[in-house]
Structure formats: structure tokens, C-alpha cells
Amino acid sequence: MGTGRPKSAPSLQDSGGGTSMERLWGLLQGAKRLSPVPSQTIYKHVEGTQQGRLQEEEEDGEEVAEPPAHFCPMELRGPEPLGPRPGRQNLGLWAAAGRRAIPYLVLMALLIFTGAFLLGYVAFRGSCQACGDDVLVVSEDVNYETSPDSHQGTLYWSDLQAMFLRHLGEGSLEDTIRQTSLRKRVAGSAGMAALAQDLRAALLRQKLDHVWTDTHYVGLQFPNRAHPNTLHWAGEPGKQLPLEDPDVYCPYSATGNATGELVYAHYGRPEDLQHLRALGVEPTGRLLLVRLGLISFAQKVASAQDFGARGVLIYPDPADFSQDPHKPGLSSHRAVYGHVHLGTGDPYTPGFPSFNQTQFPPVQSSGLPSIPAQPISADIASLLLRKLEGPVTPQEWQGRLSSSPYRLGPGPGLQLGVNNNRVSTPINNIFGCIEGRSEPDHYVVIGAQRDAWGPGTAKSAVGTAILLELVRTFSSMVSNGFRPRRSLLFISWDGGDFGSVGSTEWLEGYLSLLHLKAVVYVSLDNAVLGDDKFHAKTSPLLISLIENILKQVDSPNHSGQTLYEQVAFNNHSWDAEVIQPLPMDSSAYSFTAFAGVPAVEFSFVEDGQAYPFLHTKEDTYDNLHKMLQGRLPAVAQAVAQLTGQLLIRLSHDHLLPLDFGRYGDVVLRHISSLNEFSGDLKARGLTLQWVYSARGDYIRAAEKLRKEIYSSEESDERLMRMYNVRIMRVEFYFLSQYVSPADSPFRHIFLGRGDHTLGALLDHVRLLRSSGSKALRTASSGVAPVLTFEESHFRRQLALLTWTLQGAANALSGDVWNTDNNF
């Protein structure tokens, strides 16, 4: 409010002091100049019976004239006549000036309060990013600095998310999948060499800091063109059963001839073979006919070998695939390809990298089978099933190949001849890197298999296309000011169809470096095998982060829902629906079980039915597109969105979003399985108390670290790096230090294979209540068969397992003065 000029002015003598009135007038003039002009209140002296009263007039927008040198002080009154109050005129003028200053005082107070609030919020947010039950809660206002040469200001999570999605949408994912599927790219072939050159050139065109190639010389097995594999009735070499496609074989199968009566063994799992024996049909000394699915080719052959079988025939049964007439199905004359090495990498240099001219002992992987194996088509399997005699199989073993019920056998004698050749083959892994700004020596690794035995659309073309699209997207983001805190390492693997050969050889070559520097590995293999369900095969450390990202990615086939809402729709326990352990046939497995790096592999799959064309010559773009009823581009885009946002969080959060407390739950779950046998152990004077104590120490160490992080400042770069180093090595802490990587490469006590694992301990304890469990133990833990419980061996297993777990607790605690090894 401003002050106006009085309409009439009494004499100076009436004012009671001219000098003080002039000063007051000056103050009021200053308030008038600061006040807004549009609305002015004019106070007019009213003559008449109520002399001295004021009448207010609103003169909107009226220009106010300058006052005279002398003015009459007016008394501000309310709407009711209060009568004259001599001596209060000066106070009234001060009140008028104060009332006009109130808006500015309020505005000043609001500015001060807002500034203080923002400063306090920024300071507090640094220590509160880790608030909550775990340190993985993502705030929408987490800020990310841009690169020094950027003209942009601070980027928040929502900014980065929008930037990523905008640049991702500019690509041509569908065209890349289609074009890659058309390329012949068997590992070691000329077609693969040409594709490798093209992919490297594509990376060089992007804004990457480094692009390079790593070459390994590995032993791969291929069919013998001069002497193809054969199958015929025993004693009748002329009656050969046709193997329709001589290119379909099992790499790393034992070579030679195997003869024996045929027996049907369902999926070839240890429990199937155990049940077969219980039904009075002995697998020893016979050829086994087993169905594709549930476990890998290598596990089927290993189980058959453990039960004394002489050879294995593997076929696809129509009962294991979708019967939807609107979806394509596998041709009955097609066989399915699959390697049978129970392990990863080059089986002729186990534990060592296959670089050129390197000299290693002439040893072979213990995972190589000693019996031959061969894939056959459904047509050949149907012919063999009709020849079987013996008892009818259990109902759940029946399939859809024959009009008559399946029988267990035995049937007529068969002879299988496998003549595969081992060839020393160069393979090339291709790398591209965006260096991190603050922690360039910490790598977030993302990889995809490039090679394929056939068209390989689902197997490797989709993953390769998503990898290239992510490289292009992050390169565009870098050009627009984004720079991650940690380095992003993009890798195209070779030799994947032979058992993750390329990725494992790289790990073996740089193991001493990678376990200190690799933060996480993300696999893009088998990313789209359907669109009904979503699975994440992962380390427990990544579960909380995956849950958070799922809530921010739209479902590709449920409009208006996020992926999280899709998977949790019928199941409140979303992780029971989504989370699975890492399988050995995934490139991610070696990162975790061998190198101690947390890893994840995402897959969209069909509901209850497997994708039928995987590892066949019918794994084409058209078949996958038809299988998904035209939704292949949308599903592939969803995988790219999910993976990209995961990479942003892992590469750019100040504190690594890995839930190190999750392993306490994993240990508890395994211990609960052991608790069942506590009475049997106590009867022998044995106890599991050491394991319980070690688990308790780990839980306390995790909680202590969580509290330290909660009370720390995110702006302290040195402190954040110290915490990140401890967090990123948690997975490595669970590699047993008591076994040799050359003898037992998968040293992880939860995920690995060998006598040092928790699974091996549990299998051994089960022998307290059962006998003849040789095969079950062998298959689950990959150790030499033991028929009876051995107390001394149990004590050794328990001690090594306990100290691995205790070592993880000690390492998580930090410094040596913070640890206590007294149980």
C-alpha cells in the first residue's frame, strides 16, 4: 500500500512540531516509492460534525501528486467512530508505514527460509540416500554431475532416465536383429571373421574412449565331413537309421562307438535315473534315450555317465513345446544342437587362458564326458520308442510321439558312432569402453554372445542388436554431457555356443585384475525367448536393484502396467516369480561362480513352454517374430530399457546399489535345510554351531556397514570409494580360498561345483538317512561319488565352508581391528 496526498492541510502549529513531522513524512515517502502503484488508498479530511474522521477512497492506477512541504498528520480510524484521541497522531503514522512494509518483510522471510531449507536438504540428502532397510532405495532427486566440458547443469535421475529413453528410441533395433540373423557366424568361420570386423567398425564410429579386440586360440569340436556320425541297429550295419542333418552334433562328446540296448530315461535327470532303477530297469551298460529340457545337455550326459550308461541320444518331444495352432512349431525332422562339456571355457586348458603360444600342462577338463552323445530328431525318436518293450512308463513320463504308451525298455541293441574332430580355432572378443569420471578403474561390464550354430536369432542376434543399441545410446548421451562415475565396458563374445568359451577365456586371462575391478556383469544372451513371463537369473546382490528398475519399465504386452506390476499381478512374492539362480550354460555363470563378480541375465519366456527353435536351424527372425505374434521389437526394446537403466544406476550412483545384506538370507535358507539333520548329527557328537555363528557374524558385519553408510556424507568421495570397494567384493568373498582354481574353477560356496560347496555338504549329510544316493550327490554338487557318510570328510567340509563364510564376514567388517574370530 502507498500513501497519497491529503486533500487539505492544517497549519504547522496544529501538528505539534514541524521537524519531527518532516522526518516522518520522509519515511512515508520512502515506503511509497517501494510500494506497488496500481492500488492506492487516499485518506481525505472530512469536514462536519465528525471532524477529524477519515474517509478512504480507492483510486486504482491513479497517479499521485507530490505532497507539500507541510502536511497534516491524519489519524487512522476503524469503521466505527471512536472519537478523537489527542497525542496518538505520530503513532498512527508509524503504524501506516509499518503496514506498508509488511509484504516486503514477509517476502524476505520466505526467501531466507527457502534458502535455508534447500541448503539443509542438500546436506542431509547425502547421508540419507542409504536410508531404509537396505541401501538400495532410489530417490527421484539423486543428482548426477555432467562431464567437465558439458554446458548442462546438474542432471537428476529423472533427467538421465529421460535422456536415455529419448536416445534409445532413435535406434533401429528391429533392423539390426534381422540383419544379424542373416549372417553366417559359426565360431572360427569366415563369416564370423567378417561380422567381427563389421562390429568393430561400428564401435569405432561411436563416441567411445577405447575399442579393441582380444584373440584366443581354443580347442573346438566340429563334425567330421568325411566320416559323419552314425546310428544303426547292432549287428546290422546295413540298417542305418538316418540322421537327417549331419551338421547337428554334440560338441565335446566322446568319440568312438558305443553299443547297448536302448532304455527310455525321461529327461535324464539323476532322479529320473534313480526312479528308472527303482522300477527294475537298469541303465548301466545301455544307451539312454532322453528328452530335451529341464537340464542342459551336459548335465544329462554327466548323469548318464554316473549311472554307467554307454551313450546318450537326446531328442525334442512335442509335449515339451506349445501346442497353440497359432504359433509355429519345430519340424519333426529337426534335431537340436548342444554341447556336452559340464563346464565353461576351453576344456583343453582348464583354469588357464588360451592365448597364442602359451604352454600349459596337457590336461583336460574333468567336465568332458567319457561316453558319446548325439542329438536326434523327433521322427527318429518315434521310431525307436516303438521298438521298446518292458513296463509302461509312469504317466508323467509320457510324451506325444507315439499313439501307443511309452515303455521303459529295454529294446533292441543300437550302435552309436561319433567321429567329431577337435580343431584349434582363433576366436575374437570385441570390446568398447566409456571411461568413468570418478572411478574409471571400476568396470560395469555388459556382454552378448555373437556367434551362432544356425541363424541364432533368439540365441545371439537379439542380444547383439541390444548391445549395439546400448552402445549407440550411451555414446549419444556422452555427446550430450553425460559421463558415468564408473567405466562402462561393452563386450561382444565369440565361442558362446561351445560353452561360453570367449567370456571364460577372457576371465581366466585377466582374473587377478577383474576380481578387483569388475563391479557387475550383465548378460544379454537368451534375452527374448517369449513374452509371457520375465525371469532374472542373478546373484542375490542385485535383487533389490532389479525390483526397483522393474517398477520403472513399461510392460511390452500389458498396456498401462509396469514390468513389476505384470510379474506381481498374481503373485505377491514377486521374487519367487522372477528370480532364478544362474545356470552353468549362461556366460554370467562364470563371472559369479569363477571370478566372484555379481552377474545377471534377463529373459522373457513363454508361460510353461520352452521356445522350440533354440539351437536349431529354424531359429530365424520370422519364427521368433511369429512366436511373439509380432511383438518381438517391443519386447527387445523393453529389455534394452531395463538393461540401460540398470547400467545407469550401477555406473553412476555414488554408492553402489548392491544389497550386501541379502546373503544373510541365502545362508539362512541353506541352514534351514541342514537343520533337518541336526538330531542325526548330534547323535554322532557333531554340530552345525560353527555355521550358525559365522552366519551371525556376517549379519552383524552387514548391519554395521549399513549404519556406517547411513551416517556418512555422500559428498565425501574418498569415503564413498572405500565403501564401494567393500561392497563390490562381497561376491568374491564367497569364493573358497581353500581350493585351487585349476582343480575346482567354480569356487563359489553357494553357486559353484565341488566338495567345498554348501550343496555338497548337504548331499553328504543326506547320506545319514539314505543309501545309494551316489548319483544324486554327484549331479547336484559335482563331486566324486560317496556311498556312505564319512565323519572325517564331513568335518573337513564343514570347517572349510565355515571359514569361507567367516572370511566373508571379516572382509565386510573392514579393518582387522573391527573383526572378531572367536565363535
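The values are calculated or read from the model by the stated rules, or taken from the named source; none is laboratory data. This is a predicted model, so every value here is computed, not measured. Positions of Cβ are generated from backbone atoms using ideal geometry, with glycine treated the same way; all protein chains shown enter the neighbour counts. For the accessible areas, the whole protein counts, side chains as well, though only heavy atoms, and no ligand, DNA or RNA atoms are used. Shrake-Rupley method; radii C 1.70, N 1.55, O 1.52, S 1.80 Å.
Considering only residues in segment 715-725 that are surrounded by 20 or more Cβ atoms within 10 Å (Cβ to Cβ) and out of contact with any strand residue (DSSP E or B) (no Cβ under 8 Å at 6 or more places or on another chain), the one that is farthest from TYR589 (Cα to Cα) turns out to be MET720. Return the pairs, sorted by first residue and then second, in which the second residue is open to solvent by 80 Å² or more (accessible area, probe 1.4 Å) and not charged (D, E, K, R), the first residue lies in segment 236-265 and is closer than 17 Å to ALA381 by Cβ and in contact (Cβ under 8 Å) with a residue 12 or more places away in the chain, the beta carbons are less than 7 Å apart, and the residues are 6+ apart or on different chains. If the second residue must be open to solvent by 80 Å² or more (accessible area, probe 1.4 Å) and not charged (D, E, K, R), the pairs left are GLU244/HIS333. Note on segment 407-435: residues that are assigned to a loop (DSSP other than H, G, I, E, B), in contact with a Ser or Thr (Cβ under 9 Å, 6 or more places away or on another chain) and at pLDDT below 95 total 0.
Screening GLU508 with (1) open to solvent by 10 Å² or more (accessible area, probe 1.4 Å); (2) touching a helix residue (DSSP H, G or I) at 6+ places or on another chain (Cβ under 6 Å) gives one miss only, at (2).
Screening the candidates ALA309, ALA298, ALA335 for the property of being closer than 25 Å to SER587 by Cα, open to solvent by less than 10 Å² (accessible area, probe 1.4 Å) and in contact (Cβ under 8 Å) with a residue 12 or more places away in the chain yields one hit, ALA298.
Among the residues of segment 575-590, those that are open to solvent by less than 10 Å² (accessible area, probe 1.4 Å) and in contact with a Gly (Cβ under 9 Å, 6 or more places away or on another chain) comprise SER587, ALA588, SER590.
Among the conditions (1) closer than 24 Å to ARG631 by Cβ; (2) modelled with pLDDT of 95 or more; (3) open to solvent by less than 10 Å² (accessible area, probe 1.4 Å), GLY530 misses just one, which is (2). For segment 240-267, the set of residues classified as of a type in the set (D, E, K, R) and outside any loop (DSSP other than H, G, I, E, B) consists of GLU261 only. For segment 512-527, the tally of residues that are more than 23 Å from GLN609 (Cβ to Cβ) and open to solvent by 10 Å² or more (accessible area, probe 1.4 Å) stands at 5. For ARG726, the criteria (1) under 21 Å from TRP803 (Cβ atoms); (2) part of a loop (DSSP other than H, G, I, E, B); (3) of a type outside the set (Asp, Glu) hold in every case but one, which is (2). Scanning segment 379-401 for residues that are surrounded by fewer than 16 Cβ atoms within 10 Å (Cβ to Cβ), of a type in the set (Asp, Glu) and part of a helix (DSSP H, G or I) gives a single hit, GLU396. Checking the conditions here, which among ARG721, ARG753 is over 30 Å from PRO440 (Cα atoms) and within 27 Å of the chain's Cα centre (by Cα)? The unique qualifying residue is ARG753.
Residue selection: PRO362 satisfies the criterion of being at pLDDT below 95, farther than 16 Å from LEU289 by Cβ and not small (Gly, Ala, Ser). With respect to the stated conditions, VAL501 fails to be in contact with a strand residue (DSSP E or B) (Cβ under 7 Å, 6 or more places away or on another chain) and surrounded by fewer than 24 Cβ atoms within 10 Å (Cβ to Cβ). In segment 603-641, of all residues being polar (S, T, N, Q) and more than 14 Å from ILE177 (Cβ to Cβ), the one that is surrounded by the fewest Cβ atoms within 10 Å (Cβ to Cβ) corresponds to GLN629. Of the residues GLU271, GLU244, the single one that is more than 27 Å from GLY390 (Cα to Cα), out of contact with any strand residue (DSSP E or B) (no Cβ under 6 Å at 6 or more places or on another chain) and either of a type in the set (A, V, I, L, M, F, W, C) or open to solvent by 40 Å² or more (accessible area, probe 1.4 Å) (or both) is GLU244. I'm told PRO283 meets every condition in (1) surrounded by 24 or more Cβ atoms within 10 Å (Cβ to Cβ); (2) under 22 Å from GLY390 (Cα atoms); (3) touching a residue at least 40 places away in the same chain (Cβ under 8 Å) except one. Can you identify the failing condition by its number? Looking at each condition in turn, PRO283 falls short on (3). Among the residues of this structure, PHE321 does not count as one that is of a type outside the set (Gly, Ala, Ser), open to solvent by 20 Å² or more (accessible area, probe 1.4 Å) and touching a His at 6+ places or on another chain (Cβ under 7 Å). Residues in segment 288-303 that are among the basic types (Lys, Arg) and part of a strand (DSSP E or B): ARG291 only.
If you go through segment 184-219 and keep only what is over 25 Å from SER476 (Cβ atoms) and open to solvent by 80 Å² or more (accessible area, probe 1.4 Å), you end up with LYS184, ALA190, TYR217. Scan segment 275-287 for residues that are in a helix (DSSP H, G or I) and within 15 Å of GLU396 (Cβ to Cβ) and the total you get is 3. Which residue is nearest to VAL471 (Cα to Cα), if the candidates are limited to segment 167-183 and must be of a type in the set (S, T, N, Q) and open to solvent by less than 50 Å² (accessible area, probe 1.4 Å)? If we take residues in segment 167-183 being of a type in the set (S, T, N, Q) and open to solvent by less than 50 Å² (accessible area, probe 1.4 Å), then THR176 is nearest to VAL471 (Cα to Cα). For segment 754-823, the helices (runs of 4 or more DSSP H) that sit wholly inside it and include 2 or more residues that are open to solvent by 30 Å² or more (accessible area, probe 1.4 Å), closer than 19 Å to SER744 by Cα and modelled with pLDDT of 75 or more are 791-813.
Of all residues assigned to segment 504-518, at least one qualifies as being aromatic (Phe, Trp, Tyr) and under 27 Å from GLY191 (Cβ atoms). Residues that are crowded, with 21+ Cβ neighbours inside 10 Å, modelled with pLDDT under 90 and touching a helix residue (DSSP H, G or I) at 6+ places or on another chain (Cβ under 8 Å): does segment 547-567 have at least one? Yes, that holds for at least one residue. Of all residues in segment 495-518, none that is under 30 Å from VAL336 (Cα atoms) has its Cβ atom under 7 Å from the Cβ atom of a residue that is surrounded by fewer than 18 Cβ atoms within 10 Å (Cβ to Cβ) and of a type in the set (D, E, K, R), 6 or more apart or on another chain.
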